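Engineer: I have a structure here, written as structure tokens, and I will follow up with some questions on it.
The values are calculated or read from the model by the stated rules, or taken from the named source; none is laboratory data. Just so it is clear, the structure is predicted and the values come from calculations on it, not from any experiment. Cβ: placed from backbone, ideal geometry, glycine included. Neighbour counts: every protein chain shown.
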Amino acid sequence: MEEPAMVIRRIRNHVAEHNWFAVAIDFLIVVAGIVIGTQVNNWNQARIEHQQGAEYRKRLIAELQSNHVHNDDRRKYWNRVRDHAHSALAQIQKPSGDDRQFLLDAYQASQIRTSQPKRFAYDELISTGRLEEIGNAKLQDEVSGYYIALPTYGAVLDAVTPYREHLRQVMPSAAQEAVRSQCAEIYYPGPEGSPFARLPDRCSLSMDDSIVRTAAAAVRNAPGIVEDLNRLIADLDVKLSTLVAVDDHARRVEALIEKAGGN
């Protein structure tokens, strides 16, 4: 394609020669060049945005899948805590005589498991104003709806009931230290290297009998401990059902993102 300066020079010559037909041809050439150049730029920009949208969709799916894995870790952890809570409550209401197991259950029922969901890709989309690159308005609304709901879900999942504070106030420190040292949480790397934790499936406490009796009596006789355990179990039930809702929401969004990538 000719340089613009050459075309303009030729137009001037044709105007000076009153060759209006040639002027019209040259003018059309200039206009066509501008139109073609603009179209090429638009195509190139659309191609770049399409590639960026595909990359963001891929990153969003990876985040959603990572959140599934972390939620599964919390689900397993809370189920173990819930088992300990039920066992502790049963032994307060009808003591079995195994005070060591009771102290272990009572303490492990006070454990908590927090986790922050990943949202780096979405936050980047919002901060750079590129949300529209992932797909149509419906998809944008669905993705935004999931991430906007995360703090609401988190308020339920990260809540701590009074039982934890109450138990750790009334249980003698010697008994608490025995549980922490002899029946500690087991940490292991998750799929992405982040630390996951679980409570030991089996554990027995080695403590002096007098300490065990004193500690068990202190916990059993603590005012309001039964009510706090009931509240804890109800809270764990809500947490576990909330995790199901979070994962269902995420899977629906994930399916929409994958569908957009296939169009």
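Engineer: Output yes when any residue across region 91-105 is surrounded by fewer than 20 Cβ atoms within 10 Å (Cβ to Cβ) and closer than 30 Å to residue 62 by Cβ, and no when none is. Walk me through how you get there before you give the answer.
Structural biologist: Let us first name the residues in region 91-105 that are surrounded by fewer than 20 Cβ atoms within 10 Å (Cβ to Cβ), namely 92-98, 100-101.
Filter once more, so that each one left must be closer than 30 Å to residue 62 by Cβ: none.
Within region 91-105, none of the residues are surrounded by fewer than 20 Cβ atoms within 10 Å (Cβ to Cβ) and closer than 30 Å to residue 62 by Cβ.
Engineer: Looking at (1) buried (at least 19 other Cβ atoms within 10 Å of the Cβ); (2) under 23 Å from residue 196 (Cβ atoms); (3) over 14 Å from the mean Cα position of the chain (by Cα), which one does residue 76 not meet, given that it meets all the others?
Structural biologist: Status for residue 76: all satisfied but (1).
Engineer: Give the residue, chosen from 105, 73, 83, that is under 26 Å from residue 179 (Cβ atoms), at pLDDT below 95, among the acidic types (Asp, Glu) and part of a helix (DSSP H, G or I). Let's see the steps before the verdict.
Structural biologist: Numbers: 105 fails: at pLDDT below 95; 83 fails: at pLDDT below 95.
Matching residue, one of 105, 73, 83: 73.
Engineer: Condition check: surrounded by 11 or more Cβ atoms within 10 Å (Cβ to Cβ) and over 30 Å from residue 61 (Cβ atoms). Does residue 214 satisfy that?
Structural biologist: Details: surrounded by 11 or more Cβ atoms within 10 Å (Cβ to Cβ): yes; over 30 Å from residue 61 (Cβ atoms): yes.
Yes; evaluated as a whole, the condition is true for this residue.
Engineer: Another question, if that's okay. Give, as residue ranges, the helices (runs of 4 or more DSSP H) completely inside region 149-263 that count at least 3 residues that are acidic (Asp, Glu). Can you show your working first?
Structural biologist: Details: elements: 162-170, 173-182, 209-220, 225-262.
Hits in region 149-263: 225-262.
Engineer: Another question, then. Just give me the residues in region 149-161 being aliphatic (A, V, I, L, M) and more than 12 Å from residue 246 (Cα to Cα), in sequence order. Reasoning before the result, please.
Structural biologist: The initial filter retains those residues of region 149-161 that are aliphatic (A, V, I, L, M), namely 149-150, 155-157, 159-160.
Matches in region 149-161: 155, 159, 160.
Engineer: Which residue pairs have Cβ atoms under 6 Å apart, sit 6 or more places apart or on different chains, and have a first residue in region 156-180 that is more than 24 Å from residue 210 (Cα to Cα) and a second that is of a type in the set (D, E, K, R) and buried (at least 17 other Cβ atoms within 10 Å of the Cβ)?
Structural biologist: 157/239; 161/235; 162/228; 163/228
Conditions (1) in contact with a Cys (Cβ under 9 Å, 6 or more places away or on another chain); (2) under 21 Å from residue 144 (Cβ atoms); (3) at pLDDT below 95, marked per residue:
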position: 207; (1), (2), (3): no, no, yes
position: 216; (1), (2), (3): no, no, no
position: 233; (1), (2), (3): no, no, no
position: 254; (1), (2), (3): no, yes, no
position: 260; (1), (2), (3): no, yes, yes
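Engineer: Just the residues that are free of Cβ contacts under 8 Å to residues at least 12 places away in the same chain and assigned to a loop (DSSP other than H, G, I, E, B), please, taken from region 117-139.
Structural biologist: 129
Engineer: A further question follows. Could you check how many residues of region 209-224 are in contact (Cβ under 8 Å) with a residue 40 or more places away in the chain and closer than 17 Å to residue 93 by Cα? Break it down into steps so the answer makes sense when it comes.
Structural biologist: Of the residues in region 209-224, the ones in contact (Cβ under 8 Å) with a residue 40 or more places away in the chain are 212-216, 218-220, 222, 224.
After this cut, where a residue has to be closer than 17 Å to residue 93 by Cα as well, the list is 213, 215-216, 218-220, 222, 224.
Residues that pass the stated criteria total 8.
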